[in-house]
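K.L.:
Quick one: the structure is below, questions incoming.
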Amino acid sequence: MTASMIYIVSGRLINSKDIIQLQADVNYTRIYLKNGQEIMVATTLKKMEIRVQHCSQLIRVNKSSIVNLDYVKDFNSKQIVLNTGEVFTLARRRKKLLSEKIAYFQY
């Protein structure tokens, strides 16, 4: 998959392939990068979801998390596990879309 640049804050762009996950933190979003860096931005996850919607590998899995499908190790109907070992509970409404996207990214 080709990566896209995502506007984060103050003119800072990040390559989508470098993002492992985005986590809601009240009116802030924590962005976790593959190099171990964590960036906190004063933007809600809802607004970040709009900014990353053009990146097909980034998908919202529940009300507080967006994950990069490139880092998915395993998933089932209730949860998703990343290569980092983190486990996320799947929202019922997002299971079908997630299953379709994961099937697409595995090939």
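The values are calculated or read from the model by the stated rules, or taken from the named source; none is laboratory data. Bear in mind the structure is a predicted one, so any value in this text is a computation, not a measurement. Glycine gets a Cβ as well: all are built from the backbone with ideal geometry, and neighbour counts include every protein chain shown.
K.L.:
When residues of region 29-38 are filtered for being assigned to a loop (DSSP other than H, G, I, E, B), loosely packed, with under 14 Cβ neighbours inside 10 Å and on the phi < 0 side of the Ramachandran plot, how many remain?
P.N.:
Residues meeting the conditions: 2.
K.L.:
Let me ask something else about it. How about region 5-28: which of its residues are touching a helix residue (DSSP H, G or I) at 6+ places or on another chain (Cβ under 8 Å) and part of a helix (DSSP H, G or I)?
P.N.:
SER16, LYS17
K.L.:
Quick check on this structure: which one of VAL41, VAL26 is out of contact with any Gly (no Cβ under 7 Å at 6 or more places or on another chain), free of Cβ contacts under 8 Å to residues at least 24 places away in the same chain, among the hydrophobic types (A, V, I, L, M, F, W, C) and surrounded by fewer than 21 Cβ atoms within 10 Å (Cβ to Cβ)?
P.N.:
Every option except VAL26 fails the conditions.
K.L.:
Considering only region 13-20, I want to know if a residue exists there that is among the hydroxyl-bearing types (Ser, Thr, Tyr) and either on the phi > 0 side of the Ramachandran plot or modelled with pLDDT under 95 (or both).
P.N.:
There is at least one residue in region 13-20 that is among the hydroxyl-bearing types (Ser, Thr, Tyr) and either on the phi > 0 side of the Ramachandran plot or modelled with pLDDT under 95 (or both).
The rows are residues; the columns are (1) surrounded by 13 or more Cβ atoms within 10 Å (Cβ to Cβ); (2) touching a residue at least 40 places away in the same chain (Cβ under 8 Å); (3) touching a Gly at 6+ places or on another chain (Cβ under 6 Å); (4) hydrophobic (A, V, I, L, M, F, W, C).
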site: ASN62; (1), (2), (3), (4): yes, no, no, no
site: ILE66; (1), (2), (3), (4): yes, yes, no, yes
site: LEU69; (1), (2), (3), (4): yes, no, no, yes
site: ASP74; (1), (2), (3), (4): no, no, no, no
site: ILE80; (1), (2), (3), (4): yes, no, no, yes
site: ALA91; (1), (2), (3), (4): yes, no, no, yes
site: LYS96; (1), (2), (3), (4): no, no, no, no
site: GLU100; (1), (2), (3), (4): no, no, no, no
site: ALA103; (1), (2), (3), (4): no, no, no, yes
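K.L.:
Same structure, new question: For region 12-63, name all the residues that are hydroxyl-bearing (Ser, Thr, Tyr), in contact with a strand residue (DSSP E or B) (Cβ under 9 Å, 6 or more places away or on another chain) and under 22 Å from LYS96 (Cβ atoms).
P.N.:
Of everything in region 12-63, nothing turns out to be hydroxyl-bearing (Ser, Thr, Tyr), in contact with a strand residue (DSSP E or B) (Cβ under 9 Å, 6 or more places away or on another chain) and under 22 Å from LYS96 (Cβ atoms).
K.L.:
Could you check, for region 45-58, whether at least one of its residues is over 20 Å from VAL9 (Cβ atoms) and either assigned to a loop (DSSP other than H, G, I, E, B) or among the polar types (S, T, N, Q) (or both)?
P.N.:
Checking region 45-58: at least one residue is over 20 Å from VAL9 (Cβ atoms) and either assigned to a loop (DSSP other than H, G, I, E, B) or among the polar types (S, T, N, Q) (or both).
K.L.:
Sticking with this structure for a sec: Out of ASN15, ASN35, report the one residue that is in contact (Cβ under 8 Å) with a residue 12 or more places away in the chain, farther than 24 Å from LYS63 by Cβ and within 14 Å of the chain's Cα centre (by Cα).
P.N.:
ASN15
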